[in-house]
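I am attaching a structure below and will ask some questions about it afterwards.
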Amino acid sequence: MKTQKRNKQHDEATPLIEQRAAEIQAFGRAVKLPIALSKKVCARSADNLNQLLADTITLRDLYKKHHWQVAGHTFYQLHLLFDKHFKEQNELVDTIAERIQSLGAMSIAMAADVAETTMIPRPPRGREEVPVQISRLLHAHEMILLEARSMARQASKDGDDGTNDLLVSDIIRTNELQVWFLSEHVVDVPLVRADGNK
Ligand SMILES: [Fe+2]
């Protein structure tokens, strides 16, 4: 009996690894949280936000790809700018995902699920020229802005003010500002000699 007890104590220090069990919440099934919003409204907002999340993760990763692969005379400034925008998009990713959880729903998380969900076109694995990199980023931003505005209108109609505020104050404003910073890099102005002085 004594030996058995000692063995049990020994076993208790052993890590319990390779544990598996059924999911506690299936994807796409919202639970009701006491936030004074109907389950239907929460589910609709969460569906929209999951699409936005997949697209925001993709845009974020497109920024990191371009941060690594940028080339040419503007290498250093774009290398820094792309990383700044990456970090800001990464903040948005967390904000969107935690809003989905706050609605009682579940955010997508893994790369394979993101790849299946995003509507942003997949770039090649290879390197591209700066104007092409910027065009890809601008296109992704515009897709996100388009969907965010329509989702914001829906959330407002549904009385989901928290989601509406996130979409307008965080998503729309950040993306519009980043579009401005990018766009100015593809304005074809003389670098040294003004056009009139040729
Ligand atoms: Fe870096």
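Around Phe27, under 13 Å between beta carbons, what's the net of Lys plus Arg minus Asp minus Glu among the other residues?
-3
What Kirkwood Rh does the chain have if only Cα atoms enter the pairwise 1/r average? Answer in Å.
Details: mean 1/r = 0.0508 Å⁻¹.
Kirkwood radius, the chain: 19.7 Å.
Still on this structure: Could you work out the relative contact order of the range 37-185? I mean the mean sequence separation of Cα pairs under 8 Å and 6+ apart, divided by the number of residues, in percent.
Relative contact order of the range 37-185: 31 percent.
Do you know the Lys pair count in the chain for C-alpha distances under 17 Å, with sequence separation 8 or more or different chains?
Lysine pairs meeting the criterion: 7.
When a footprinting reagent is the concern and you count Cβ atoms within 10 Å, what order do Met110, Met151 take, fewest first? It would help to have the intermediate numbers written out before the result.
Details: Met110 9, Met151 25.
The most exposed by this proxy come first: Met110, Met151.
A further question on this structure: Going by C-beta contacts inside 10 Å, put Ile35, Ile144 in order with the fewest on the left.
Working: Ile35 12, Ile144 26.
Final ranking by Cβ density, sparse to dense: Ile35, Ile144.
At q = 0.18, 0.20, 0.21 Å⁻¹, what log₁₀ I(q)/I(0) does the range 1-106 have when each alpha carbon counts as one equal point scatterer in the Debye sum?
For the range 1-106 at q = 0.18, 0.20, 0.21 Å⁻¹, log10 I(q)/I(0) is -0.89, -0.97, -1.02.
Separate question: Treat the count of other C-beta atoms within 10 Å as a stand-in for reagent exposure and order Ser45, Ser135 from fewest to most. Write down the numbers at each step before the final one.
Values: Ser45 27, Ser135 14.
Listing Ser45, Ser135 from fewest to most nearby Cβ atoms yields Ser135, Ser45.
Throughout, read-outs are computed from the coordinates displayed, never taken from laboratory work. Since we're looking at a predicted model, the values are computed, not measured. Positions of Cβ are generated from backbone atoms using ideal geometry, with glycine treated the same way; all protein chains shown enter the neighbour counts.
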